[in-house]
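So the structure is just underneath, and the comments pick up after that.
The values are calculated or read from the model by the stated rules, or taken from the named source; none is laboratory data. In this text the structure is predicted, and so the values were computed from the model without any measurement. For neighbour counting, all protein chains shown are included, and Cβ atoms are generated from backbone atoms with ideal geometry for every residue, glycine included. Accessible surface is based on the protein model in full, side chains and every heavy atom, while ligands, DNA and RNA are left aside. Shrake-Rupley method; radii C 1.70, N 1.55, O 1.52, S 1.80 Å.
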Amino acid sequence: MFKKILIANRGEIALRVIRTCREMGIKTVAVYSTADQDSLHVRFADEAVCIGPAPSSESYLKMVNIIAAAEITNADAIHPGYGFLSENAKFSKLCDDHQIKFIGASPEMINRMGDKANAKSTMIAAGVPCVPGSEGVIQDFEQCEKVALETGYPVMLKASAGGGGKGMRAVWKAEDLRDAWDSARHESKAAFGNDDMYMEKLIEEPRHIEIQIVGDAYGKACHLSERDCSVQRRHQKLTEETPSPFMTDELREAMGKAAVSAAEYIKYEGAGTVEFLVDKHRNFYFMEMNTRIQVEHPITEEVVDFDLIREQISVAAGIPISGKNYFPKLHSIECRINAEDPFAGFRPAPGKITSFHAPGGHGVRLDTHVYAGYTIPPNYDSMIAKLITTAQTREEAISKMKRALDEFIIEGVKTTIPFHRQLMDHPDYVAGDYTTKFMEDFVIEKPI
Ligand code: MV4
């Protein structure tokens, strides 16, 4: 087992990893930017190394500084958390080159899944259901028109380097194809330096349901059931839950099986997520694979009673998985609490937290790095806490969430707490009747 792990991240996920390391008797090294000197991850780690100034590009993304910090502290592994360098093939390779175990995917795996057209071809080969469309990358506009006619409108043009909706265009009729092709390629080139495009049939009002998987170093994989992440705004998830209110035992069996096939086909090692689009007829299609631990992993941990960070570390150390799949025994919901003003288009609202009272009680988990007196720096993403409630049923998990949101006090900065409180009362949400379109129609009521 590792003796010392460096956590190449900040915020709640850095704390989350430190907690499990503590329980496993593994020493920890925090790295931090000058903006994070007073962060809890710096205080709770055994050692801490400053890696640069506030901008991420000069600190949390500065690979050589992080490797240097690992070398001077004698860390034998690096946990990248999510975001930052967690899906960076160069960084994964750099760790290998320095004989430091990267607790994440291999450079080859990251590259393979990062290229979406390539990921899709791989999944077709693995027998995973994919949306009908082009076979790989489209060569020119002439081929684009041909594939659109074969596929049948409406279609979706997607950037192969994309993800998070960038370089993606829905096209409803042939006369709009040219503009969509030009603008999607332009957007993709500007964002990723690559304008390879592929095409799919448009799935209307899909649900976003993902399967958590874990693979070991011996080619064996298992799944830990699903998370429903359909409540999103501009490709930012707001809340997630498991089990999905749309799920059936048959669908879970089929999606779980597909996700395990995907993982075993590519010999995936570590924790990963296979994302699917699910249509109203419960057809499911591969969308993307994430080769990292995700923000919303705690809801899975709560319903299957399993520490995913411990499993990541154990698999990275070469310990085989048990091989069995895990099914939800409870219902869990996560609300992402962001320092944003939900009444002003979710505009970021960094600043000093003047008072803070955390909710608690049975079935309430709060993953956060903030406290009274903490100043949220403007340099990083605006998530400041994840509030997770778990109960026997969905109805009880919602009641518990309402209660927990009501007793959660954060003063000094605006937060998304009032949004979540309204969401928990929304009749369609309460009925479990929501898709990825839900937030387009959601009207937030301003308090008087
Ligand atoms: C789609 C789709 C409909 N049909 N593909 C959005 C992010 C990107 N990685 C894939 N996305 C979508 N792909 C087909 N063929 C609709 C979306 C989509 C979406 C997916 C998941 C969660 C939220 C979404 C919001 C808008 C569009």
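Assign one of three labels to the chain, namely rounded, prolate or oblate, based on the Cα gyration tensor with a ≥ b ≥ c the square roots of its eigenvalues; rounded applies when a/c is under 1.5, prolate when it is not and a/b is larger than b/c, and oblate otherwise.
Because its axes are fairly even, with a/c under 1.5, the chain counts as rounded.
Quick one: if the Förster radius is 45 Å, what FRET efficiency do A317 and A126 give, using the C-beta to C-beta distance and rounding to 0.05?
0.95
Can you list the HN-Hα couplings for the range 132-147, worked out from phi with the Karplus curve (6.51, -1.76, 1.60; θ = phi - 60°), rounded to whole Hz and with x for Gly and Pro?
My calculation for the range 132-147 gives x, x, 5, 8, x, 6, 7, 6, 7, 5, 4, 5, 4, 4, 5, 5 Hz in order.
Calculate, for the range 4-103, the solvent-accessible area per residue in square angstrom, rolling a 1.4 angstrom probe over the heavy atoms of the protein chains.
With the other protein chains kept in place, the range 4-103 gives 39 Å² per residue.
Which value, in Å², gives the accessible area per residue of the range 132-201 when a 1.4 Å probe is used on the protein heavy atoms?
So the range 132-201 comes to 53 Å² accessible per residue, rounded to a whole number.
Would you mind counting up the charge near A254? Only other residues with Cβ under 12 Å from its Cβ, with Lys and Arg at +1 and Asp and Glu at -1.
-1
Expressed in nm to one decimal, what extension gain is obtained for the pair R19 and E264 from 0.36 nm per residue of sequence separation less their Cα-Cα distance?
Working: separation 245, 0.36 × 245 = 88.20 nm, distance 2.98 nm.
Value of the extension gain: 85.2 nm.
Looking at the range 132-201, what % of its DSSP beta bridges pair antiparallel, to the nearest 5?
The antiparallel proportion sits near 100 percent.
Leaving out ligands, DNA and RNA, what percent of the accessible area of the chain is carbon and sulfur, probe 1.4 Å?
48
Could you tell me, in Å, what Rg and Dmax come out for the Cα atoms of the range 207-440?
17.9, 51
What chymotrypsin sites (Phe, Trp or Tyr not before Pro) does the range 270-344 have in DSSP loop regions with at most 11 other beta carbons within 10 Å?
Taking the range 270-344 and a limit of 11 other Cβ atoms within 10 Å, no loop chymotrypsin sites (Phe, Trp or Tyr not before Pro) are found.
Can you work out ³J(HN,Hα) from phi for every residue in the range 65-82, in order, using Karplus 6.51 cos²θ - 1.76 cosθ + 1.60 and θ = phi - 60°, giving whole Hz and x for Gly and Pro?
Couplings: 5, 6, 4, 4, 4, 5, 5, 5, 9, 6, 6, 9, 8, 10, 9, x, x, 10 Hz.
Quick one: go through the range 88-132 and flag any residue whose amide nitrogen is under 14 Å from the point 7 Å out along the Cα-to-Cβ line of Q143.
Output list for this probe position: 117-118.
Students often check this: by mean Cβ neighbours within 10 Å, which of 18-25, 262-269 ranks highest, and how do the rest follow?
Averaged packing, sorted descending, gives the order 262-269, 18-25.
Explain nothing, just compute: Karplus ³J(HN,Hα) = 6.51 cos²θ - 1.76 cosθ + 1.60, θ = phi - 60°, for every residue of the range 397-414 in order, whole Hz, x for Gly and Pro.
In residue order, the calculated couplings are 5, 5, 4, 5, 5, 4, 4, 5, 5, 5, 9, 7, 10, 10, 10, x, 10, 7 Hz.
Springs between alpha-carbon atoms under 10 Å, Gaussian network over the chain: tell me which of A30, A372, A77 tops the mean-square fluctuations.
Among A30, A372, A77, the largest GNM mean-square fluctuation belongs to A372.
Can you compute the FRET efficiency between D46 and I444 using 1/(1 + (r/R0)^6), with r the Cβ-Cβ distance and R0 = 56 Å? Round to the nearest 0.05.
Computed FRET efficiency for D46 and I444: 0.80.
What residues of the range 181-196 lie in the reach of a label at S57, counting those whose backbone N is under 19 Å from a point 7 Å from the Cα along Cα→Cβ?
Those under the cut-off are 188-194.
Return a whole-number percent for the relative contact order of the range 353-448, with Cα pairs under 8 Å and 6 or more residues apart as the contact set.
Working: 96 pairs, mean separation 28.2, N = 96.
Over the range 353-448, the number comes to 29 percent.
Rank by packing, highest mean first: peptides 242-253, 85-96, 165-176, with packing defined as the count of other Cβ atoms within 10 Å averaged across residues.
Result, highest mean Cβ count within 10 Å first: 85-96, 242-253, 165-176.
Compute the Rg/Rh shape ratio of the range 4-103: radius of gyration over Kirkwood radius, all on alpha-carbon atoms.
When Rh is taken as the Kirkwood radius, the ratio is 0.92.
Label S399 and T375 with points 7 Å out from Cα along Cα→Cβ: what is the distance between them in nm?
4.4
At what distance in nm do the modelled label points of M1 and K173 sit from each other, each positioned 7 Å from its Cα along Cα→Cβ?
6.5
Add -39500 (n - 2.57) for each DSSP H run of 4 or more in the chain, then divide by its residues: what number comes out at 222 nm, to the nearest 500 deg cm²/dmol? Working shown, then result.
Values: 15 runs with 147 residues, N = 448.
Value at 222 nm, helices only, nearest 500: -9500 deg cm²/dmol.
Put +1 on the Cβ of each Lys and Arg and -1 on the Cβ of each Asp and Glu in the chain; which of Y434, P328, Y380 then has its Cα farthest toward the positive end of the dipole?
Among Y434, P328, Y380, the one farthest towards the positive end of the dipole of the chain is Y380.
Going by amide H atoms built from the backbone, whose H comes under 5 Å of the H on V49, apart from near neighbours?
Answer set, sorted by chain and number: A30, V31, Y32.
Among S314, S106, S322, which one moves the most in a GNM of the chain with springs linking Cα atoms closer than 10 Å?
Most flexible of the set in this elastic network: S322.
Under 27 Å Cα-Cα from K27, which lysines qualify once same-chain neighbours fewer than 8 residues away are excluded?
Partners within reach: K3, K4, K62, K90, K93, K101, K386.
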